[in-house]
Every structure is written in structure tokens, then in C-alpha cells.
Amino acid sequence: MPNLANNSLAKNKKEQTQLAQVKVVSARLQAIWWLSAVIKDGRSVNDLLSVSNLTLDKQASGSHSKNDSPLARQSQNNSQLAFAKHILFGSLRYFHQIKAILEQLLDKPLKQKDTDIFCILISGIYQLKYLSVPDHAAISESVDLAKSVNKKWASGLINAVLRGYQRKNNEIGEHLSKADTFLYSHPNWIINQLKMDWPNNYKEILVANNERAPMAIRVNTNLTNKQSYQKLLEEQGINSQQHSIAKDALILDQPCDVYSLPGFTQGQSTVQDVAPQLVVELLDLKPGFKVLDGCAAPGGKTTHILQREPNTLLTSVEKSASRLERVTEVLSRFNMLDNSYKVKLLNVDFLDYQDWWNGEFFDRILIDVPCSASGVIRRNPDIKIHRKKTDMESLVKIQREILNSAWQMLKPGGKLVYATCSVFKVE
């Protein structure tokens, strides 16, 4: 196995040892519930965690439904929820590698109706390979999960497969050592595309995709400044570093719950990666400019535009009504829905611009187009499962259509910023 991949995959072995000591079956069950929803139902991790936040809020009021996730049905502490998320993200990061291992251990593939058992095996091997939990705990509690999902018959299978991995892990690793899918834990089509686009850098990109993304926040400089807010963080025991390029960004030394950020609910800060923060700076905003945010959800760039230039005449467009609601919520948290800010929210299809555009040209247009999201895999590892090579043609088509539509509304001499979360050159 190449040192580059080996070092990246191995370094998580002792990662967050204290977290991994939490031995709670309900946390593991929550992870399986999430993982099954991703693999079987095609759900995104972001949506699942958003729903879980809502159900955990209901927990405080004693309100539950049959659709609530396992941790939402009972009182749980933060360490258990954190452990569940840790298993989920780790299992997704190394899904393709662990799947290759399972293919060596199973006599035949599991049926689709047994995706939950498959997920128990994926998470079990992840714990054995990458976490500091005792092996006996990872195995015995994985076996117990079969009963929790009403499939007691699978207990023996889970026990045999996980113990088989204990005995044969070196042998299996040697057997698979020349397979890029195993080494880098990505589907072949992504590996091949990166090899073609970035022949001198593809290994570094693949390795970086399996790293944990740092938590970046954007300080709302309309209410405070970075230095003052950094001191507030320190008072809460949260250490951070100022970003060298992004003017409003702080990088936290360790991730934390957003509600532990000082003044988060009052709009003093928000969680936002550095790249989208830089996108807004590229607009070079001036007072009174008419600006179009063409693909507005979830609202981070919309609020950043108003933060950087409060006198902007902003039109934010979003096709999805539910996603536009998220934009409204973010604007509300930033207190940007009052008359001091001139922002218009439109629930329309950007491509139907002739139906909603009043004909007045925009000085600046920002389009953050739908894409493969191949550039944000480390934060959203489920992309490696959901995205298919066959998606690329339709994505490029819609990107071109959005770009062509945007040009029609741009003032001569104006500026258009085209943003995409992709490292594929075709995008």
C-alpha cells in the first residue's frame, strides 16, 4: 500500500480515543439508522442530521413520532450523539474500502432487504479498523444490533464476519493492496476522473477527501469584529485561528456544536466554509449595486453579500420552496429582513428568467450552480455513494443553461461570478 494512502487511512486508528470509549448500543443503533437511510434510501447526511436536530428538539418537549430516529426517542447525552455521528461519517469515508473487505469475508452478497445488516457490518469493521474501542465491544455490540433491528438470525453472521476480519485483516489488506478503490476508498469512476484531470495531484486529492474537514465560521462584522468574537470564543473554551485570506473567517481548532458558538442565534456568526466566503469577496461589491444571487439556498452567500455591502439591492432566487425557507430563516437570524436591508426573495426557476426578471440589468451576478460536489467530499462523504458518472452529462447541461441565462441579465461592464463545488474540469 502506498505510504500516502496508508498514512492517511491509518492515522485515524487512534483518532478521538476518548470519544471512541463511549460504549452505548443506542449510539451505534442511531449510526446504523442513518447509514441505512443513506445507502438504501438515498438520503443525504445533511438532511438526516437536520431532521435529527428537529427530533431532538422535540425530545425536550416530550413530543415524539414513530418516524423519530433512535436517539430522539430517549434521553441521550451529547457524547452518545457525537459517537453516533463519528461512526456515521467514518463508515461513509471508508465505505468503499470496507465494502471491498466484506466482499472477501461474505460467501454471497446480502439481499437489499438486509441493508441494515450490511450497515452493521460496515460500521463494525470501521470500529475495528479505525477506532480505539475494544475489539470485543465493537463485535458484541454489533451482534446485539441484529436484535435491535429485529433480525436475531443475523447475530451469528455478524459475529462470524467480524471475527473473520480480526483473523484475516492483514491477509485481506495484502490481497487488495493494488486496488485503488481499496487504497483510497473512492468509487473507480471518481478515481479515474481525477487521474485524467489532475494526473500529478490525484493521490493528494483522494487522500484529502478522507480527512475530517475543519470547522470554519463567518463572523458577522455588521455586529462585531473578528478579534472581539475570537475573544468570546476563547471565553467559552473554543480556540480558533484567523484565516489568512478570507476576511471574515475563523477556523476552529476543534469542531463544536453550533449552539455553543457565542451569539449564534443572534446572528453574530454562522458556519460557512472558507471557499464560499471567498466567492462573495470576488463580487467586488459597491453601495447601491443591483446584485442577483442566482442559486440562493441555503442562504450563507445571501447573508454574506448583505454583510459585505448592506446597501446592496439584492435579489435572491431559489427554485425549491423548502430551501428558500432556509434562506429566510438565515436572513431572520441575521436580522436582515427589516427595512434597513433591501432583499427580494423569489421562489422561481432561474432558467425561466423571462417570466420573473423585470428587465433591469444587474451590476453583479453570483451563480453557485448545481454540480457533482466532488470538491466537498471530505465534508459530505455520502457524495461518494450518491453521485454517479452518469450524472455528469445532465449536470453540465444545466450548468451551461444557468450560465447562458445569467449573461442575459448582466449589465455591460458588470461582473458575473460562476461558482461550483467541483474539482472536475468539465464543470
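The values are calculated or read from the model by the stated rules, or taken from the named source; none is laboratory data. For clarity, every value in this text was computed on a predicted model and none was experimentally measured. Ideal geometry is used to build each Cβ from the backbone, glycine not excepted, and the neighbour counts take in all protein chains shown.
Being in contact with a helix residue (DSSP H, G or I) (Cβ under 6 Å, 6 or more places away or on another chain), touching a residue at least 24 places away in the same chain (Cβ under 8 Å), among the hydroxyl-bearing types (Ser, Thr, Tyr) and buried (at least 18 other Cβ atoms within 10 Å of the Cβ) narrows it down to one of Ser132, Ser148, so name that one.
Exactly one residue qualifies, and that residue is Ser148.
Go over the candidates Phe95, Phe89, Phe118 one by one and state the one that is under 26 Å from the mean Cα position of the chain (by Cα), more than 30 Å from Asp257 (Cβ to Cβ), in the same structural domain as Asp47 (by TED's automatic domain parsing) and at pLDDT 95 or above.
Testing whether each residue is under 26 Å from the mean Cα position of the chain (by Cα), more than 30 Å from Asp257 (Cβ to Cβ), in the same structural domain as Asp47 (by TED's automatic domain parsing) and at pLDDT 95 or above leaves just Phe118.
Would you confirm whether any residue within the range 360-378 is surrounded by fewer than 16 Cβ atoms within 10 Å (Cβ to Cβ) and over 26 Å from the mean Cα position of the chain (by Cα)?
yes
Report yes if some residue within the range 219-232 is farther than 22 Å from Glu309 by Cβ, surrounded by 13 or more Cβ atoms within 10 Å (Cβ to Cβ) and among the aromatic types (Phe, Trp, Tyr); otherwise report no.
Checked the range 219-232: no residue is farther than 22 Å from Glu309 by Cβ, surrounded by 13 or more Cβ atoms within 10 Å (Cβ to Cβ) and among the aromatic types (Phe, Trp, Tyr).
Out of the residues in the range 381-401 that are touching a residue at least 12 places away in the same chain (Cβ under 8 Å) and surrounded by 19 or more Cβ atoms within 10 Å (Cβ to Cβ), state the one that is nearest to Ala208 (Cα to Cα).
My answer is Pro381.
For the range 173-182, check the following and say yes or no: at least one residue is among the polar types (S, T, N, Q), assigned by TED's automatic domain parsing to the domain that holds Lys111, without any contact (Cβ under 8 Å) to a residue 12 or more places away in the chain and closer than 28 Å to Ile377 by Cα.
no
When you check Thr224 against the structure, is it among the hydroxyl-bearing types (Ser, Thr, Tyr), in contact with a strand residue (DSSP E or B) (Cβ under 9 Å, 6 or more places away or on another chain) and in the same structural domain as Ser320 (by TED's automatic domain parsing), yes or no?
It is false that Thr224 is among the hydroxyl-bearing types (Ser, Thr, Tyr), in contact with a strand residue (DSSP E or B) (Cβ under 9 Å, 6 or more places away or on another chain) and in the same structural domain as Ser320 (by TED's automatic domain parsing).
Is it the case that the range 411-427 has a residue that's loosely packed, with under 14 Cβ neighbours inside 10 Å, of a type outside the set (A, V, I, L, M), in the same structural domain as Arg323 (by TED's automatic domain parsing) and closer than 22 Å to Asp197 by Cβ?
yes
Criterion first (within 24 Å of the chain's Cα centre (by Cα) and among the hydroxyl-bearing types (Ser, Thr, Tyr)) does Ser123 satisfy it?
For Ser123, the condition - within 24 Å of the chain's Cα centre (by Cα) and among the hydroxyl-bearing types (Ser, Thr, Tyr) - is met.
Any idea which of (1) crowded, with 17+ Cβ neighbours inside 10 Å; (2) in a helix (DSSP H, G or I); (3) touching a residue at least 60 places away in the same chain (Cβ under 8 Å) is the one Tyr126 doesn't satisfy?
All conditions pass for Tyr126, except number (3).
Residue by residue through the range 216-245, note down the ones that are touching a residue at least 24 places away in the same chain (Cβ under 8 Å) and acidic (Asp, Glu).
So the first thing to find is which residues in the range 216-245 are touching a residue at least 24 places away in the same chain (Cβ under 8 Å), and the list is 216-224, 226, 229, 232-233, 235-236, 243, 245.
Answer for the range 216-245, where residues must be touching a residue at least 24 places away in the same chain (Cβ under 8 Å) and acidic (Asp, Glu): just Glu235.
Against the definition (surrounded by 14 or more Cβ atoms within 10 Å (Cβ to Cβ), out of contact with any Leu (no Cβ under 6 Å at 6 or more places or on another chain) and under 19 Å from Gln268 (Cβ atoms)), how does Arg323 come out, yes or no?
no
Does the range 332-342 contain any residue that is under 22 Å from the mean Cα position of the chain (by Cα) and under 30 Å from His86 (Cα atoms)? Talk me through it step by step, then tell me what you get.
To start, the set of residues in the range 332-342 that are under 22 Å from the mean Cα position of the chain (by Cα) comprises 333.
Next cut, under 30 Å from His86 (Cα atoms) only: 333.
Yes, the range 332-342 has at least one match.
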